[in-house]
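So the structure is just underneath, and the comments pick up after that.
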Amino acid sequence: MTNFQKERCWLKDSKIRLQDIYMARQRIHGRVNRTPLVKSDALSQLCGAEVLLKLEHQQRTGSFKLRGATNAIVKLSDEEREKGIVGASTGNHGRGLAYAAARAGARCVICMSRLVPENKVAAIRDLGAEVRIVGSSQDDAQEEVDRLVVERGMTMLPPFDHPDVIAGQGTLGLEILEDAPQVDTVLIPLSGGGLISGIALAMKSANPSIRVFGISMDRGAAMIASINAGKPVKVEEYPSLADSLGGGIGLENKYTFNMVRDLVDQCITVDEAQIAAAVRHAYWEEQQVIEGAGSVGIAALLSKKIHNPGRCIVLLSGSNIDMALHKRLIDGENVDLSST
Ligand SMILES: *Cc1c(COP(=O)(O)O)cnc(C)c1O
């Protein structure tokens, strides 16, 4: 099947529609920033094509996760808001939930694994949420969330596999289309796939020939392993400079596995050295502070993994990096997290 045919099949029985993304945009308007799209002279020259950066790392709370969280929380009933919101998070989702919940006057509990860096934990507490540290993986944290849902009647908002979250992240696709209608290729960081699912639905609805690429780190890329296996599978987790891309896709995945399989043209991986080089490039050439996960699109371009990019959008997805680690990276140190 061509991508176009794939797209037609998908849109017919999709549980999430383009309309949901437009409605999400109405809901989050004024609560979430519209982020700039700027040309990168350095990357354009390097690739011989026009490369534009979507500066979503400048979003409030430091990542796009605020879009999906805000869309989901604004939709809740008064009773659901009162009982509170609970989520498992590697950091940025927790920050988004905490911020969105505080603004909506909702109680918020965030569960996370002990692999999460301390700067992210502190940031969530500062936003007024209660933090619970449980286990050593995203799945362990998720078990605690499930318990709070059953025992306290709290509402769970997962980081990616939820229609309101996906629709919220999809608003990025609308903004990109408005600012660069002639886009050929978009490079989107990929972990659980909520971000790329929403964006791909928006972009492919507008023009199925726009190429949507997912970029993961080569350590523990759960979505890619799952696509290759034909069903959601578990992968081992490793420390990575792209810590926000850690975690599984959930063996009970309902939405993002199908959407990524059907809508994404290709998935590409980058290694730790390439991620480090991209964080460095963003700082010295683009004047941007981005975290490892936010840099993988730049990493894919710098390492020449995208052939004929055409007019190419690189989504910079987050800025929440430990600044001491960032300094080591931009000073040129070869940081190897697997040995720390
Ligand atoms: C969550 C996150 C991603 C990946 O998003 P998914 O929806 O899980 O694919 C990428 N970059 C940053 C900074 C993130 O916080």
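The values are calculated or read from the model by the stated rules, or taken from the named source; none is laboratory data. All of these numbers come straight from a predicted model, not from anything done at the bench. Quick reminder, even Gly has a Cβ in these numbers, built from the backbone with ideal geometry, and neighbours come from all protein chains shown. Heavy atoms of the whole protein, side chains included, go into the accessibility calculation; ligands, DNA and RNA do not. Shrake-Rupley method; radii C 1.70, N 1.55, O 1.52, S 1.80 Å.
Structural remarks
- For the residues G168, G220, the requirement of being within 20 Å of the chain's Cα centre (by Cα) and at positive phi singles out G220.
Yes/no per residue for (1) open to solvent by less than 20 Å² (accessible area, probe 1.4 Å); (2) assigned to a helix (DSSP H, G or I); (3) over 28 Å from Q19 (Cα atoms); (4) in contact with a Ser or Thr (Cβ under 6 Å, 6 or more places away or on another chain):
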residue: T70; (1), (2), (3), (4): yes, yes, no, no
residue: E80; (1), (2), (3), (4): no, yes, no, yes
residue: G96; (1), (2), (3), (4): yes, yes, no, yes
residue: Y99; (1), (2), (3), (4): no, yes, no, yes
residue: R103; (1), (2), (3), (4): no, yes, no, no
residue: R125; (1), (2), (3), (4): no, yes, yes, no
residue: Q142; (1), (2), (3), (4): no, yes, yes, no
residue: V145; (1), (2), (3), (4): yes, yes, yes, no
residue: E151; (1), (2), (3), (4): no, yes, yes, no
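- Segment 30-68 - residue that is out of contact with any strand residue (DSSP E or B) (no Cβ under 6 Å at 6 or more places or on another chain) and without any contact (Cβ under 8 Å) to a residue 12 or more places away in the chain and, of those, least open to solvent (accessible area, probe 1.4 Å): G30
- The listed residues are A300, A273, A282, and the only one of them that is within 16 Å of the ligand (Cβ to nearest atom), out of contact with any helix residue (DSSP H, G or I) (no Cβ under 7 Å at 6 or more places or on another chain) and not in a strand (DSSP E or B) turns out to be A300.
- Residue identified as in a loop (DSSP other than H, G, I, E, B) and within 13 Å of the ligand (Cβ to nearest atom) among G247, G168: G247
- Filtered residue count, segment 184-213, keeping only those that are open to solvent by less than 10 Å² (accessible area, probe 1.4 Å), out of contact with any Ser or Thr (no Cβ under 9 Å at 6 or more places or on another chain) and outside any helix (DSSP H, G or I): 3
- Verdict on V131 being assigned to a loop (DSSP other than H, G, I, E, B), closer than 22 Å to E291 by Cβ and either outside the structural domain of E175 (by TED's automatic domain parsing) or in contact with a strand residue (DSSP E or B) (Cβ under 6 Å, 6 or more places away or on another chain) (or both): no
- Scope segment 303-327; condition surrounded by 14 or more Cβ atoms within 10 Å (Cβ to Cβ) and in a helix (DSSP H, G or I); matching residues: L325, H326
- With respect to the conditions (1) under 24 Å from A299 (Cβ atoms); (2) part of a loop (DSSP other than H, G, I, E, B), M223 lacks only one, and its number is (2).
- Residue in segment 218-227 that is touching a Pro at 6+ places or on another chain (Cβ under 6 Å), crowded, with 24+ Cβ neighbours inside 10 Å and modelled with pLDDT of 95 or more present: yes
- Those residues of segment 285-297 which are in a loop (DSSP other than H, G, I, E, B) and under 19 Å from N334 (Cβ atoms), in sequence order: I290, E291, G292
- Taken over segment 252-270, the criterion of being open to solvent by 50 Å² or more (accessible area, probe 1.4 Å), closer than 24 Å to G96 by Cα and either free of Cβ contacts under 8 Å to residues at least 40 places away in the same chain or within 11 Å of the ligand (Cβ to nearest atom) (or both) is satisfied by E252 alone.
- Per the listing A242, A222, the residue uniquely within 11 Å of the ligand (Cβ to nearest atom) and without any contact (Cβ under 8 Å) to a residue 40 or more places away in the chain is A222.
- Flag for V235 being open to solvent by less than 30 Å² (accessible area, probe 1.4 Å) and assigned by TED's automatic domain parsing to the domain that holds D41: no
- Scan segment 271-288 for residues that are out of contact with any strand residue (DSSP E or B) (no Cβ under 7 Å at 6 or more places or on another chain) and open to solvent by less than 50 Å² (accessible area, probe 1.4 Å) and the total you get is 9.
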